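The values are calculated or read from the model by the stated rules, or taken from the named source; none is laboratory data. The shown structure was predicted, so the numbers you read here are calculated from the model rather than taken from an experiment. All Cβ positions, glycine included, derive from the backbone under ideal geometry; neighbour counts span all protein chains shown.
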Amino acid sequence: MPPTSLQSAIEALLFASDQPLSLTLLCDALETGPEEVSGALHRLGAACATRAAGVELREIAGGWMLVTTAEQAEWVGRMLRGKRKMRLSRAALETTAIIAYKQPVTKSEVEAIRGVDSSAVLGTLLERNLVTIRGRSKVVGRPLLYGTTQEFLDYFGLRDLSELPRPEELRALVAAREPEQLDMMELEVVSQVASDLAASEAAHPELVRRHEIVPLEGGDALGQAVAQVADDFAPAEEPSLSDLIPAERGTADEAEEAVRPELTAGFADEPGRE
């Protein structure tokens, strides 16, 4: 039996969830058709905007979620500082950014850009479900191809990959920060990686490779592909790019304790997940 107040019921479900809720899930939970649920979602979003609420309705990673508004980000950030569960090291951020902006991409291509072995950090990102194996490339050796996941979109508060900020937008965000602003390391790392990739592709367009993905099937199942990656994992802690450059260009002493920034206005400022 559908709820008597559909909009209120949707608001309650969104408030109770720490993950985006898809339209299909909302329809099933509320025993209501997609047209009615979609209409109630838009009315709820408009109501939040009309009363200048501290939260807003956003479409993230294929679902809907109530998130804090950009105007309240500073206060929420102060409260949550140091309490986020999942933190990414500088090495993990560099690798994630490369995969996000160049996907699908092979492990060897990631390592060629970073200049260090990336087996361990790729294993961490796969374990945390921020990246996934998309298939194999048709190039010689049929290497595995990596791409980002919906968990990646959720982590950075993106609706889809088209919302990835351009390098110039990231540089502007870094340049405009206030001296006391917190949690900027991730933004700076992603900005640097995106800028370097854009500059490299502009200077050497002939070296840009676009892979054709061959899906994993049958005997070439995903489990076997993951096992192949696991065989290459290095047990030692992996260095980041900043470990290999002179001190005057900056170090990563504070990198391990960094937490997620807001990559674009209105991102959900919520704790990350393990």
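Suppose the filter is at pLDDT 70 or above, basic (Lys, Arg), under 27 Å from LEU66 (Cα atoms) and surrounded by 13 or more Cβ atoms within 10 Å (Cβ to Cβ); does ARG159 pass it? Break it down stepwise before answering.
On the way: at pLDDT 70 or above: yes; basic (Lys, Arg): yes; under 27 Å from LEU66 (Cα atoms): yes; surrounded by 13 or more Cβ atoms within 10 Å (Cβ to Cβ): yes.
Judged against the criteria, ARG159 is a match.
Residues are listed down the side, and each one gets a yes or a no for (1) over 30 Å from GLN192 (Cα atoms); (2) within 20 Å of the chain's Cα centre (by Cα); (3) modelled with pLDDT of 85 or more:
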| residue | (1), (2), (3) |
| --- | --- |
| GLN19 | no, yes, yes |
| LEU23 | yes, no, yes |
| ALA49 | yes, no, yes |
| GLU71 | no, no, yes |
| LEU80 | no, yes, no |
| GLU94 | no, yes, yes |
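Taking into account only those residues within segment 1-59 that are surrounded by fewer than 12 Cβ atoms within 10 Å (Cβ to Cβ) and touching a residue at least 40 places away in the same chain (Cβ under 8 Å), which is farthest from PHE152 (Cα to Cα)?
Only one residue tops the list, namely PHE15.
Under the condition of being polar (S, T, N, Q) and closer than 18 Å to HIS211 by Cβ, which residue from segment 125-148 is surrounded by the most Cβ atoms within 10 Å (Cβ to Cβ)?
Going through segment 125-148, the residues polar (S, T, N, Q) turn out to be 129, 132, 137, 148.
After this cut, where a residue has to be closer than 18 Å to HIS211 by Cβ as well, the list is 132, 137, 148.
On the way: THR132: 19, SER137: 20, THR148: 23.
It comes out as THR148.
Would you please name the residue that is modelled with the lowest pLDDT, looking only at residues in segment 183-210 that are out of contact with any Asp or Glu (no Cβ under 9 Å at 6 or more places or on another chain) and not in a helix (DSSP H, G or I)?
Only one residue tops the list, namely MET184.
What single numbered condition from (1) at pLDDT 90 or above; (2) surrounded by 16 or more Cβ atoms within 10 Å (Cβ to Cβ); (3) over 19 Å from the mean Cα position of the chain (by Cα); (4) part of a helix (DSSP H, G or I) fails to hold for VAL76?
Only one criterion in (1) at pLDDT 90 or above; (2) surrounded by 16 or more Cβ atoms within 10 Å (Cβ to Cβ); (3) over 19 Å from the mean Cα position of the chain (by Cα); (4) part of a helix (DSSP H, G or I) is unmet by VAL76, namely (1).
Out of segment 13-48, which residues are in contact with a strand residue (DSSP E or B) (Cβ under 8 Å, 6 or more places away or on another chain) and part of a loop (DSSP other than H, G, I, E, B)?
Scanning segment 13-48 gives SER17, GLN19, PRO20, SER22.
Residue under question is ILE10, and the condition is that it be assigned to a helix (DSSP H, G or I) and within 22 Å of the chain's Cα centre (by Cα); does it hold? Explain how you work it out, then say what you get.
Values: assigned to a helix (DSSP H, G or I): yes; within 22 Å of the chain's Cα centre (by Cα): no.
No: the conditions fail for ILE10.
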